[in-house]
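Have a look at the structure below, then the notes.
None of the figures in this text is laboratory data; all of them are computed from the coordinates on show. Just so it is clear, the model here is predicted, and its values are computed rather than measured. In this analysis, Cβ positions are derived from the backbone assuming ideal geometry, glycine residues included, and neighbour counts consider all displayed protein chains.
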Amino acid sequence: MVPLRVAVIGAGIAGLTVAAALSRQGIRCEVFEQTRHLREIGAGIQLAPNATRVLRRLGLGDFLGVVAVRPEAIEMRRWDDNQVVARTTLGKECEELYGDPYYTAHRADLHRGLLELLPAGTAHLGRRCIGIEENTDEVVLRFADGFTTTADVVIGADGIHSAVREVLLADSPEFSGQTIYRGLVPADRLPFLLTEPKVVLWLGPEQHGVCYPVSAGKLISFGATTPAADWRTESWTAQGSVTELAGQYAGWNPEFQQVLSAAEAVNRWALHDRGALTTWSTDRVTVIGDAAHPMLPFMAQGANQAIEDAIALAGFLRGATPDSTGAALKQYEELRNPRTRDIQQNSRANAKVLHLPDGEEQRERDSELIGRANLRNQAWLYEYDVERITTEIVNGRS
Ligand SMILES: Cc1cc2nc3c(=O)[nH]c(=O)nc-3n(C[C@H](O)[C@H](O)[C@H](O)COP(=O)(O)OP(=O)(O)OC[C@H]3O[C@@H](n4cnc5c(N)ncnc54)[C@H](O)[C@@H]3O)c2cc1C
């Protein structure tokens, strides 16, 4: 069989995961990344069992067990008096129920772990893709430095501002009206958070805060959303003002204020998403992760879904030949479109739900949160085994 030549544009979580999954299947791929230094920004990420399950199978189980943290619970608390509104138990219960843990991790750790799964020479840095021309037999890729190459399949894993997505649809990111400040603080500065590792969300009018331990418990990652005013910058290196941030959360409970005042620096990021993509693929070009379905971070599922995409796509490409890529990409799209669309929409809805002003609606929401706190209610999200489902479709059993 003629081996497939796959090109991946972008070496974020989506791009590295699909490259690792393809490599595991013996499909050689090249990853082209625009930046010259491969690194993820310093911030935390929540990884749910729907992703940790497939990351374990990729070979990252032990690695995550060492570098990540297994939180015992997710707690929703009130912004003013720090009262717990709802608590979802995770820890051992999550593993018993879903077979794999919920983790909180430093993005740089996850990125490093994925990178180490790739055969040497897979990732090419400083290569910004600026042209994608699809012909009947192959795709021609052009890069900003003048380099050109060809591939049988091109996977756009190039994030919310995807150049590859432009092949499929001429749309633009939509601004949510919200920004998020993010930072990392040495955990020993916040001893009250060390008694039990957990994800804590404080819900308040128009704003919410979140924090959890990462890096084997050595650091606390926090996020604080605020209405944007005139902030539109979308860069993880854009510095926010610690003083301004503290001012935005004046009057909030002392615990969250202590988290914010322990930070020496914060980044600030304007939150965008895009409408759902109706067509994900041509015969030879497709998209995964934020390039396909950028979502607001209010379900903490963007990267989890990127990882699911990557595993599904690699599964459908197993056994594809240079002449049969269109059918594989179609199957991938049919599986991934409905699920990611749902999660994208729920994430948008949460932008309102999590930021209700105190009053009747907020009290109703809090009652619902209590009702939903049982971990079993997350089965639709956490039980989902994308690898098993993909294999069943490929084998004609679904
Ligand atoms: C505040 C915040 C908190 C979040 N928290 C969570 C969470 O807890 N859990 C979760 O699952 N998700 C979370 N997410 C979502 C998650 O961060 C994203 O969904 C995920 O990082 C997307 O990964 P990606 O690889 O698709 O895209 P990106 O991470 O954007 O990677 C794209 C890569 O492509 C490269 N690139 C772009 N254009 C080109 C080009 N033309 N040529 C070559 N390379 C190119 C970029 O340099 C980059 O390296 C959060 C998001 C935000 C904003």
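Here are some notes:
- In the elastic network of the chain, a GNM with C-alpha springs shorter than 10 Å, the most mobile of Ala14, Ala250, Ala68 is Ala250.
- The relative contact order of the chain, computed from alpha carbon pairs under 8 Å that lie at least 6 residues apart in sequence, is 22 percent.
- Of all aspartates and glutamates in the structure, the ones whose alpha carbon falls short of 13 Å from that of Lys92, not counting any fewer than 8 places away in one chain, are Glu72, Asp100.
- Along its three principal directions, the equivalent ellipsoid of the range 110-261 from the Cα gyration tensor extends over semi-axes of 40, 21, 12 Å, largest first.
- Residues of type lysines that Lys352 reaches as a straight line, Cα spacing below 26 Å, ignoring anything fewer than 8 places off in the same chain: Lys198
- The spacing between the range 164-228 and the range 255-274, judged by their C-alpha centroids, is 7 Å.
- Kirkwood-based Rg to Rh ratio, the chain, C-alpha trace: 0.97
- Seen from Phe147, the other residues with C-beta closer than 12 Å to its C-beta sum to a net charge of +1, counting Lys and Arg as +1 and Asp and Glu as -1.
- Of Pro173, Cys29, Trp252, farthest towards positive along the dipole that unit charges on Lys, Arg, Asp, Glu beta carbons give the chain: Cys29
- Computed over the range 40-133, Cα set: Rg, Dmax in Å: 17.4, 57
- For the chain, the longest principal axis of the C-alpha atoms and the axis of helix 360-372 are separated by about 60°.
- Cubic angstrom per residue, convex hull over Cα atoms of the range 101-170: 159
- Cα Rg over Rh - the range 245-362, Kirkwood: 1.15
- For the range 342-398: span of alpha carbons on each principal axis (Å, largest first): 53, 22, 12
- In whole angstrom, the range 135-222 maps to an equivalent ellipsoid with semi-axes of 43, 19, 11, each derived as √(5λ) from the alpha carbon gyration tensor and ordered largest first.
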